[in-house]
Amino acid sequence: MALTHHENAGGRETILALATGQVRSAVAILRLSGPGSRFALETIAGGCPDPRRASLRALRAPGTGEVLDHALVFWFPGPASFSGEDMAEFHLHGGTAVIKAVMAALLDIPRCRLAEPGEFSRRAFLAGRLDLSEAEGIADLVDAETELQRRQALRQMDGALSAVTMGWRDRLADCLAEVEAELDFSDEGDVPDNLVDGVGPRVAQVRAEIAAAISDGRRGERLREGFTVVIAGAPNAGKSTLFNRLLQREAAIVTPVPGTTRDVLEAALDIDGLPVMLVDTAGLRSTEDLIETEGIRRALLRAERADLVLALEALDSPPQPSEWQAPTLRVWTKRDLREAPVGFDGLAISSTRDQGIAQLLHAIADRAREALGNGLALVTRERHRNALTAALSALERGLEPAKPPELFAEDLRLALRGLGRITGHVGVEEILDRVFSSFCIGK
């Protein structure tokens, strides 16, 4: 991976970032990583504490000696640190003025600068402290808003996908080593004959496992993005009223005037730990109003892409024929004004009287749970899926009947390259290591 414009082979700058949010709080944490971390500690904290032990210090401005704060400081010498470099942390009082003063003092130290987005994790990856999929798990964990998102992100951060992927790579690398050995060293007495014949079934098993992993209905990606529920129907069917009721706040304007909602409104919702993206849309009707027409076009587009459409119909209005490509749940509204018809299909609710809302939430949760799974999906990003698909295609080509060994070996190399993209480990030296360690070639 290429270094940033701030880095060079001769040495890196020390980077600084606020690890806690940009809000007033009891405690704020500043992190340093790089070769100047110890010097920074000694400069403003009066010395370096024992590794991984909290030490209460007075932080002083380097030039004037003015006390900036009384803080806990930590020292994490590399390579046994998150980034693999020397690191330091300052646990400050969380006032804005304190944070600014300490950051200014640290940035006055030579070759110390503000970190770029993701740079701590990038340095950890370059130091071999974590791979790409584990780094993505950290980002997902920070962004997790529901229990299932937290669970999935934590599994990725702990290396669930990495472990499975590395297992596939190890097995394919062994297969490639045997194919390469037969191709290049068949005249050596200690290389068995017909090695390629025994490789095919093992490659086929890996192919089947990869195919199973990506035949999951995109559950991992959908869990990250949220289960999209679009509220659709005729004007004054109660769409915005239901939208506000489910969110438990006045997010959409509600009036008796048809066509009040002109645009698509979105809001995140947590239902039983499941991430749901709730979408309110313009009422569907024929109109010559250009703005309303655009709102209806957007409503239809979102409904086509939805995981679930709540097709609303008011019980005090004539039934409206509607067909949707997406899975649909028919919802009859305003049941406080009129009884639902006998044998009606769907759910009858009243958003203003809170009738049927619990049943509707349960129905949405059941659909979301079926679509998103239990947070144990291996593939959680489109990048992972593309890499696995490329590896699968290479293996399928390699297993074609009467495939020449030379082309079979090349397909195995392409499959290994695809798997390597997931973790960021792409190389050929390991293949040579396996060849020479498996057979006593070159004696």
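Can you bin the stretch 331-372 into rounded, prolate or oblate? Criterion: square roots of the alpha carbon gyration tensor eigenvalues sorted a ≥ b ≥ c, rounded for a/c under 1.5, prolate for a/b above b/c, oblate for the rest. Before the final figure, lay out the partial values.
Values: a/c = 4.02, a/b = 1.79, b/c = 2.25.
It is oblate, given that a/c is not under 1.5 and a/b is not larger than b/c.
Considering only protein heavy atoms and a 1.4 Å probe, what is the carbon-and-sulfur percentage of the accessible area of the stretch 27-185?
That share works out to 55 percent.
As I understand it, the dipole of the stretch 1-131 uses +1 on the Cβ of Lys and Arg and -1 on the Cβ of Asp and Glu, about the Cα centre. Which of 61, 28, 16 lies farthest toward its positive end?
So the residue furthest toward the plus end is 28.
Quick one: pull the percent of accessible area on the stretch 313-404 belonging to carbon and sulfur, 1.4 Å probe, ligands and nucleic acids left out.
Taking all protein chains in place, the stretch 313-404 shows 50 percent carbon and sulfur surface.
Going by average Cβ density within 10 Å per residue, which order do the peptides 86-97, 206-217 take, highest to lowest?
Output ranking for 86-97, 206-217: 86-97, 206-217.
Just the accessible area for residue 20, please: 1.4 Å probe, Å², rounded to the nearest 10?
Accessible area of residue 20: about 40 Å².
Rank by packing, highest mean first: peptides 128-137, 112-121, 344-353, with packing defined as the count of other Cβ atoms within 10 Å averaged across residues.
128-137, 344-353, 112-121
Taking θ = phi - 60°, what integer Hz values does the Karplus form 6.51 cos²θ - 1.76 cosθ + 1.60 yield along the stretch 25-42, in sequence order, with x for Gly and Pro?
8, 5, 9, 10, 10, 9, 10, 10, 8, x, x, x, 5, 5, 4, 5, 4, 5
Based on the mean of other beta carbon atoms within 10 Å per residue, what is the order of 152-161, 394-403, most packed first?
152-161, 394-403
The values are calculated or read from the model by the stated rules, or taken from the named source; none is laboratory data. Everything numeric in this text was worked out from a predicted model, so none of it was measured. Note that each Cβ is placed from the backbone with ideal geometry, even for glycine, and that neighbours are counted across all protein chains shown. These accessible areas exclude ligands, DNA and RNA; they are computed on the full protein's heavy atoms, side chains included. Shrake-Rupley method; radii C 1.70, N 1.55, O 1.52, S 1.80 Å.
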